[in-house]
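Since the structure comes first, as structure tokens, the remarks are kept for the end.
What follows draws every value from the coordinates through simple rules; no lab data is involved. These numbers come from a predicted model, not from an experiment. Cβ atoms come from the backbone with ideal geometry, glycine included; neighbour counts cover every protein chain shown.
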Amino acid sequence: MVLSAVKPAHPQRGRLARALGQAAHRLQEARIPFRAGQIVVGDDPFNGRREGIVVVIRSPHLGIRVPGTPAGSLMFFDHRNVRYPE
């Protein structure tokens with residue numbers, strides 16, 4: 001008995017799943033309320049509270065440049081732990 005190559009019943013399902021995954025990723029990125037260049041305060045349970053400028057947005061994290069740190073160093077915070085300064 002020879003097994004033949006099995007063809008998927010619906011080849012479009014893979015494309016549809018990929019398109020839906022990309023759309024979901026874009027929606028998740030769009031929910032971050034901060035933009036590059038804004039001054040924010042990040043709360044970290046290990047490193048404390050830091051105020052800085054948003055430089056990088058990689059959902060779900062924000063890269064914040066904190067004054068007084070070496071050039072090129074960023075602190076990353078989950079966007080849920082970041083707020084606007086009072």
* Structure fact -> Computed ³J(HN,Hα) along the range 12-22: with the Karplus parameters 6.51/-1.76/1.60, θ = phi - 60°, integer Hz and x for glycine or proline, the list is 6, 4, x, 5, 5, 4, 5, 5, 5, x, 5
* By its C-alpha gyration tensor, with a ≥ b ≥ c as the square roots of the eigenvalues, how is the range 33-86 shaped: rounded for a/c under 1.5, else prolate for a/b larger than b/c, else oblate? -> rounded
* Within a Cβ distance under 10 Å of VAL41, other residues only, what is the Lys/Arg minus Asp/Glu net charge? -> 0
